Amino acid sequence: MRWREPHGRPSAPERHRPHPPRRHPDHLSGDMDLGHVAALRAVLSAACTGAPARVVVDLAGLAFCDSTGLNALLQGRLMCVESGRALALANPAPQMSRLLNITGADTVFDITELEADGPDRPAPML
């Protein structure tokens, strides 16, 4: 799993990009497990303290998520709430939907869908 700029160039998590007025979509790809969770925490920390009032994490490219990845998303939600922002999850794959449902986390997240080619659909970042 790698952090990517919108145009596919690798970069450090501290980067500047324009923020839409209502959303800050981030796209996860690959596996979200113990080996990759630190990068997710860094991205969520930056996003939850940024300009937009609603942070949207696109899960469509996420192949696998374990309890550490889910815990990072839950911690990110708390960070956003403490900063006066909302954290939404978009396009969860079947495995992620099942994990959210089994744990009850689907009741605390706003879960939405983004259009495949819509203006809110982000480029891969993690």
### Query
For the stretch 83-91, does any single residue satisfy the condition of being over 15 Å from residue 110 (Cβ atoms), among the aliphatic types (A, V, I, L, M), within 12 Å of the chain's Cα centre (by Cα) and modelled with pLDDT of 90 or more?
no
### Query
Going by the structure shown, is residue 100 in contact with a helix residue (DSSP H, G or I) (Cβ under 6 Å, 6 or more places away or on another chain) and modelled with pLDDT of 95 or more?
yes
### Task
Considering only the stretch 92-120, state which residues are more than 14 Å from the chain's Cα centre (by Cα) and of a type in the set (Asp, Glu).
106, 115, 117
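Kindly provide the set of residues from the stretch 27-44 that are of a type outside the set (A, V, I, L, M) and either over 12 Å from the mean Cα position of the chain (by Cα) or modelled with pLDDT under 90 (or both), ordered by number. Even if it seems obvious, please write down each step before you answer.
Kept after step one, since they are of a type outside the set (A, V, I, L, M), are these residues of the stretch 27-44: 27, 29-31, 33, 35-36, 41.
The answer is 27, 29, 30, 31, 33, 35, 36.
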### Scope the stretch 93-118; condition surrounded by 12 or more Cβ atoms within 10 Å (Cβ to Cβ) and more than 12 Å from residue 56 (Cβ to Cβ); matching residues
93, 95, 96, 97, 98, 99, 100, 101, 103, 105, 106, 108
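Does the stretch 57-76 include one or more residues that are part of a loop (DSSP other than H, G, I, E, B), at pLDDT 90 or above and more than 23 Å from residue 115 (Cβ to Cβ)? Before you say what the answer is, go through the steps one by one.
As a first pass, look at the stretch 57-76 and keep what is part of a loop (DSSP other than H, G, I, E, B): 66.
When the remaining residues are screened for being at pLDDT 90 or above, the result is 66.
Still in the list and also more than 23 Å from residue 115 (Cβ to Cβ): 66.
Scanning the stretch 57-76 turns up at least one residue that is part of a loop (DSSP other than H, G, I, E, B), at pLDDT 90 or above and more than 23 Å from residue 115 (Cβ to Cβ).
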### Task
Please state which of the following conditions residue 77 fails to meet, knowing it meets all the rest: (1) charged (D, E, K, R); (2) within 13 Å of residue 109 (Cβ to Cβ); (3) surrounded by fewer than 18 Cβ atoms within 10 Å (Cβ to Cβ).
(3)
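The values are calculated or read from the model by the stated rules, or taken from the named source; none is laboratory data. Quantities reported herein were computed from a predicted structural model and do not represent experimental measurements. All Cβ positions, even for glycine, are placed from backbone atoms using ideal geometry, and neighbour counts span all protein chains on display.
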